[in-house]
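> Mind having a look at this structure? Questions to follow.
The values are calculated or read from the model by the stated rules, or taken from the named source; none is laboratory data. In this text, all values refer to a predicted model and were calculated from it rather than measured experimentally. Quick reminder, even Gly has a Cβ in these numbers, built from the backbone with ideal geometry, and neighbours come from all protein chains shown.
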Amino acid sequence: MFLGTTRSLVGASKRLWTPISIRSLSTPNQPSAPSTKTSTTAPQIKAEPTPTSATSPTSATPMPVKESAAFEKPPVKEWLVELWRSLTTLFNVLVLIIFLFLEYSRSDRLADLEKNARLPRSVQALYLRPLRRKAEHGLPVCDLQLRSYSAENLEFFADFAIRAAYYLKLPVSGPVPLPRITQRWTVIRSNFVHKKSKENFERITLRRLIQIKDGHPEAVQAWLAFLRKHAFYGVGMKANVWEHESLDAGKALDASLPEIQKTVGPHLAQFGQREDNKRPGTIFDALDNARYAEPKNL
Amino acid sequence: MSQSRILDLVKTQCRIFSATFNPQRLRLGNKILRQRLRGPTLAAWYPTKIVSFRDLQNTYKPLGLTTFDEAEDDREEAIQITKLRGKGRPKKKRTAAESRSAKKKK
Amino acid sequence: MSKAASMFHPKRLDLSGFVNTRVIRDHNKRNAFAQMEPERQALRYIIRNTSLPQRTRAQAQLQLSQMHCYTRPTQIKNRCVASGTARSVFRDFRLNRFQFRMQALAGELPGVKKASW
């Protein structure tokens, strides 16, 4: 934007330069030039005091008469006015040159800065669309659904989630805008009677779906934990995570059995019947006893 | 395939997937056992109590710290004033003989 | 068997917000139901199970019917959290229609706006 303005200024100066030189050299009598030209250019030049003494440049009607007189013998007064006018135009040009010089140096400095110093890549990436990893197999691993009542928060957080997935090397697809959930309620305006006067309220839930494809389960868990840690206000999350097992699940279970027995064994050893608690007869004898047969009272 | 073979198959299937083997389709009430308990969600309808000033007082009094409850002080002062004016609350009647209704009947 | 409802009263009132006799009573009923629900479900299972002896099932029926009325889920009524009203209470917000309107207009219910279509 900055460069654009300078360029336009330069163009304007070129346009300005030629008419002034022509007029000052060849046709000193032409009065129309300065004010009309300056009006088309930058405001700095416009602000300069334009000479409007005896012969106003804007007044067009008396011009032809004066021109015819000037060809024969220019009077002293006319000559003075002409000098004054050329001087002011010279001043104008000088101001313009200084201004352009300043502008040029500024743009030059900026260009130098751009050339020699830059923002870090991660910061530059924030101004661009989020980067994505390419999915190798396209096997869905995790579905994250974001819900919110405000679109700005939702879009922002979806963008954040996708960027986080990129840095965790997770291929991601989305955000897919899911259908909005619109809930509407109609309530009576008053707290008592007046049934015919009602008011409508609604709540629109916006949703976005982000799907992770063939990522490592641990990376997916890390991603979800990161998102939970940096949860954004007004945005809810719901994740479905799928885990895939190899076809030899049974074999793996059999192999892990001794390990499990080792850990569970001490706990199971604590279960059992106490030696001093044993009674003669079976449990059914005890149950048929009158004490047990009575209905329980609450 | 005979009927008994199919039944055996279903029985094994039920054993493996820990389902109930019920070929006669008796009503065993398993529906009730499958229901989840609704009590905790129902009991959480009303908002529970948050920490009150009195709780703070109870925690900080034993530590030797002083607390000021202006509303409570105002209340006690008002009670004192009404008592002095003879407008305090009447004494609690402990027995039936003392009660007002008993006096009226006589 | 004691039929007094006072057995379900808590020692200290553990409610905040709008409190009312009817709100407290409903709260007690909810707590009583939550406490006795496993037992009720066990009895219901015995009643429904046709493979059990008829006598046992009849006993279970009797026991269930003789439990305190506060332990029944049908006793529970949804009441407005902000005003204690029992009529036209929205389950989503636990609010009465009028309280809902007031709070929605005040912007206290997230996402709820005045609708026109």
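> Please verify whether segment C:76-92 includes one or more residues that are crowded, with 18+ Cβ neighbours inside 10 Å, at positive phi and more than 9 Å from every other protein chain (Cβ to nearest Cβ).
Yes: one or more hits.
> Now for a separate question. Residues that are in a strand (DSSP E or B), over 22 Å from C:Lys114 (Cβ atoms) and either at pLDDT below 95 or within 10 Å of chain C (Cβ to nearest Cβ) (or both): does segment A:156-172 have at least one?
Checked segment A:156-172: at least one residue is in a strand (DSSP E or B), over 22 Å from C:Lys114 (Cβ atoms) and either at pLDDT below 95 or within 10 Å of chain C (Cβ to nearest Cβ) (or both).
> Taking segment A:173-218 as the search range and keeping residues that are basic (Lys, Arg) and part of a strand (DSSP E or B), which one is farthest from the other protein chains (Cβ to nearest Cβ)?
Only one residue fits best here, namely A:Lys213.
> Quick check on my filter: what residues within segment A:228-247 are closer than 24 Å to C:Pro110 by Cβ and among the small types (Gly, Ala, Ser)?
Correct list: A:Ala231, A:Gly234, A:Gly236, A:Ala239.
> For A:Arg163, all conditions in the list (1) within 30 Å of A:Ser122 (Cβ to Cβ); (2) more than 19 Å from the chain's Cα centre (by Cα); (3) not hydrophobic (A, V, I, L, M, F, W, C) hold save one; what is the number of the exception?
(2)
> Now, a different point. Please go through segment A:63-87 and give me each residue that is modelled with pLDDT of 80 or more and touching a helix residue (DSSP H, G or I) at 6+ places or on another chain (Cβ under 8 Å), ordered by number.
Hits for segment A:63-87 are A:Glu78, A:Arg85, A:Ser86.
> Related question: Do the conditions hold for C:Gln59, that is, is it touching a Leu at 6+ places or on another chain (Cβ under 7 Å), without any contact (Cβ under 8 Å) to a residue 60 or more places away in the chain, away from chain B (no Cβ under 14 Å) and in a helix (DSSP H, G or I)?
no
> To continue, here is another question. Here is a list: B:Thr20, B:Thr41. Which entry is closer than 30 Å to C:Gln75 by Cα, within 14 Å of another protein chain (Cβ to nearest Cβ) and of a type in the set (Ser, Thr, Tyr)?
Only one candidate passes the filter, namely B:Thr41.
> Right, something else. Looking at (1) part of a helix (DSSP H, G or I); (2) touching a Pro at 6+ places or on another chain (Cβ under 8 Å); (3) within 14 Å of another protein chain (Cβ to nearest Cβ), find the lone condition where B:Leu7 falls short.
Only one criterion is unmet by B:Leu7, namely (3).
> Let me ask something else about it. With basic (Lys, Arg) and either touching a residue at least 40 places away in the same chain (Cβ under 8 Å) or crowded, with 19+ Cβ neighbours inside 10 Å (or both) as the only criterion, which of A:Arg228, A:Arg147, A:Arg163 stands out?
So the residue among A:Arg228, A:Arg147, A:Arg163 that is basic (Lys, Arg) and either touching a residue at least 40 places away in the same chain (Cβ under 8 Å) or crowded, with 19+ Cβ neighbours inside 10 Å (or both) is A:Arg147.
> For segment C:11-36: of the residues being charged (D, E, K, R) and surrounded by fewer than 19 Cβ atoms within 10 Å (Cβ to Cβ), which is nearest to the other protein chains (Cβ to nearest Cβ)?
Ranking the candidates gives C:Asp14 first.
> Would you please name the residue that is nearest to the other protein chains (Cβ to nearest Cβ), looking only at residues in segment C:94-108 that are surrounded by 19 or more Cβ atoms within 10 Å (Cβ to Cβ) and of a type in the set (A, V, I, L, M)?
Top of the filtered list is C:Ala104.
> How many residues are free of Cβ contacts under 8 Å to residues at least 24 places away in the same chain and at the interface with chain A (Cβ under 10 Å from one of its Cβ atoms) if we restrict to segment C:62-75?
Total satisfying the criteria: 2.
> Would you confirm whether any residue within segment A:192-202 is hydroxyl-bearing (Ser, Thr, Tyr), at pLDDT 85 or above and surrounded by 10 or more Cβ atoms within 10 Å (Cβ to Cβ)?
no
> Every residue in segment A:219-263 that is out of contact with any Pro (no Cβ under 8 Å at 6 or more places or on another chain) and part of a loop (DSSP other than H, G, I, E, B), please.
The answer is A:His230, A:Ala231, A:Phe232, A:Tyr233, A:His244, A:Glu245, A:Ser246, A:Leu247, A:Asp248.
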